[in-house]
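> One structure follows; several queries about it will come next.
The values are calculated or read from the model by the stated rules, or taken from the named source; none is laboratory data. Not measured: the values here are computed from a predicted model. Here Cβ is always computed from backbone atoms with ideal geometry, including for glycine, and neighbour counts include all displayed protein chains. To get the accessible areas, we keep the full protein, side chains included, count just its heavy atoms, and leave off ligands, DNA and RNA. Shrake-Rupley method; radii C 1.70, N 1.55, O 1.52, S 1.80 Å.
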There are 2 protein chains.
Amino acid sequence: MPLPTSPRWLCGGADDKATNLANAAQVVAKAAATHCTSSSAAVPLLLCFPELFLTGYNVGDVLHRDAEPVDGPSIKVANTIRNSVEKHVLRVMAELAKANRVHLVFGYPEKAVDNDQTTTTYYNSAIFISAEGEVLLNYRKTHLWGPYEKKYFTPGSSLAPVVKIGEVSVGLLICWDVEFPEPSRVLMLRGADLILVPTACMTSFAPEVTVRARAFENKLFVAYVNRAGEENGSRFCGLSSVVTPNGDCACKAGEESGELLFTDIEPKRADYQESRDRDPIHLERRTELYRELTQ
Amino acid sequence: MPLPTSPRWLCGGADDKATNLANAAQVVAKAAATHCTSSSAAVPLLLCFPELFLTGYNVGDVLHRDAEPVDGPSIKVANTIRNSVEKHVLRVMAELAKANRVHLVFGYPEKAVDNDQTTTTYYNSAIFISAEGEVLLNYRKTHLWGPYEKKYFTPGSSLAPVVKIGEVSVGLLICWDVEFPEPSRVLMLRGADLILVPTACMTSFAPEVTVRARAFENKLFVAYVNRAGEENGSRFCGLSSVVTPNGDCACKAGEESGELLFTDIEPKRADYQESRDRDPIHLERRTELYRELTQ
């Protein structure tokens, strides 16, 4: 029972080739074209790509070499691209968003240089670029997984605020963040209707179980957007999905392919409201019993 | 790869007839006999029954009529049963535990009268009786589900401490408690290796998804012990299971039958340790980011 006012979103399926900009341009164009022919074309399209989409995940020192500053010239001059794409990938993505009128979310390695240019810090980040080519949100992964990520990145110091796109409030997490119950809970408390999770996951437990639990216990949508296939000896398990507030998969990709998944996000749909009323796990929390969680 | 020192536990499968003491005696005797013939007979047996096992769940005012005080004579004189079983169910259960040398956990309606005998409060409780017939733990459900439970019960004011049985630390939750991520997390922080969840659940999401997520994200065992079958117009979905710290079901009952499930609980098994080391969701929490959870 889609509401006529509901936004329409798209989550890019994982693809081991989708780490380069040529592929990104193709995916965005294809998504925009598909969206234009759909019945929901009047509402915003949001396209989400996996964790570290722009460079690849298991690429070692490339994570530093190709890192981008979020607030650097690459975004600010999105309308006047003259440099090579290798040097200014964020700029190209912003231009893609604007040219195709599509909101874009994707993971990338972020390079942050302090004011006196003496210290450089690297983050595993996800950026939310509006269909106008502006940065709405930049989130730095707060829970870094394993020695590899800890070698290359510094963890972010805060969870992201939610941003409103049409009628839908969107929160961002990255990969391992969603395996902890706490970050999703915080984003729910901040009003998220949808949590986007660019990820690079190699085992099936999180996409098959954890993501459904997070959606159900917080009564919101979770879009889990994973890489798929082989990359330098790492195999990512795909299984991207969008899970509804009822805990059902609205759409689900396979393990191997780089599919494009489309889902309407309608937080106020009657059956979701009924689920929230019947089983208000998000509301009947007893915070006085949970003190140890923040000690 | 069972460790020779590991305890052996048993979780009673759900049964819509198992609300009476005659059935309880049969189940305990059967469990004890089965255990005696097993290779793990030297380690403790713990038998867990569903939520409100002693009276039934959907029995309306019976919940008050047959409620029992946890610290009343029914426990203290467990060796000298002279009263009818209907009036002193906890006493009979303590005697059963002692006679069969089995730790027993089960749900029951608790009647608490204040010191001056003027106020009576009812709780949806679960009691842990040792193989010596003593009360190790009494937990009052903290998250009451729906108008029915709220009509008959007052919510408990604290989560339970963990109790040690052999080498295993055990925590207790009841039904809806486990659908909130917070209570399991608190019990993990208190050192639980195993969370027992007597439950009366009618839909399959919690047994099939939520319970696995709780075990995996806290790297401990969860035993979800559900009612099954019809009771006064309510249908419980069974699907009792014991889930390991890896998120796998070690054993699982069907939807209808009142099966007895046996599982060895071995928290220190090598593959569980390896899972904790590889994916330490229980350890790498960033409490400074979770302040909103307790506000």
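> Put a label point 7 Å from Cα along the Cβ direction on A:Ala22, then list its distances to the equivalent points in the other copies in nm, shortest first.
Label-point separations across copies, in nm and ascending: 7.9.
> For B:Val113, which inter-copy label distances result when the label point lies 7 Å beyond Cα on the Cα-to-Cβ vector, reported in nm to one decimal and in ascending order?
Those label-point separations list as 7.9 nm.
> Moving on to the next point. With labels modelled as points extended 7 Å from the Cα through the Cβ direction, what inter-label distance (nm, one decimal) is found for A:Asn115 paired with B:Lys150?
Label-label distance for A:Asn115 and B:Lys150, simple model: 5.2 nm.
> Going down the table (A:Lys111/A:Lys141; B:Lys111/B:Lys151; B:Lys164/B:Lys252; A:Lys141/B:Lys268; A:Lys141/A:Lys268; A:Lys151/B:Lys268), which pairs top 23 Å between alpha carbons? Kindly include the intermediate steps, with their values, before the conclusion.
Numbers: A:Lys111/A:Lys141 13 Å; B:Lys111/B:Lys151 14 Å; B:Lys164/B:Lys252 25 Å; A:Lys141/B:Lys268 31 Å; A:Lys141/A:Lys268 29 Å; A:Lys151/B:Lys268 29 Å.
Long pairs (Cα-Cα over 23 Å): B:Lys164/B:Lys252; A:Lys141/B:Lys268; A:Lys141/A:Lys268; A:Lys151/B:Lys268.
> Taking the highest mean first, how do the peptides A:188-199, B:47-58 order by number of other beta carbon atoms within 10 angstrom per residue?
Ranked by mean Cβ neighbours within 10 Å, highest first: B:47-58, A:188-199.
> Still on this structure, I have one more. Which peptide among B:125-133, B:150-158, B:23-31 comes first, and what is the full order, when sorted by highest mean count of other Cβ atoms within 10 Å?
B:125-133, B:23-31, B:150-158
> What part of the accessible area of segment A:154-295, given as a whole %, is carbon or sulfur when the probe is 1.4 angstrom?
Whole-percent figure for carbon plus sulfur exposure: 46.
> While we're looking at this one, here's another question. Could you report the buried accessible area between B and A, both sides summed, computed with a 1.4 Å probe and given in Å² to the nearest 100?
Counting protein atoms only, the buried area is about 4000 Å².
> B:Ser234 to B:Arg278: extension gain in nm, 0.36 nm per residue of separation minus the Cα-Cα distance?
My answer for the length gained is 11.6 nm.
> Something else: Once you average over the residues of B:180-188, how many Cβ atoms of partner chains fall within 10 Å of each Cβ?
Numbers: counts 10, 13, 11, 4, 1, 7, 5, 1, 1.
Going residue by residue through B:180-188 and averaging, the value is 6.
> Order the peptides A:283-289, B:91-97, B:260-266 from the highest to the lowest mean number of other Cβ atoms within 10 Å of their residues. Could you put the intermediate results ahead of the total?
Details: A:283-289: 15.0, B:91-97: 23.9, B:260-266: 20.3.
My ranking of the peptides, most packed first, is B:91-97, B:260-266, A:283-289.
> I've got another one for you. From the label point of A:Gly254, set 7 Å along Cα to the beta carbon, how far off in nm is each other copy's matching point, shortest first?
Spelled out, the distances from A:Gly254's label point are 3.4 nm.
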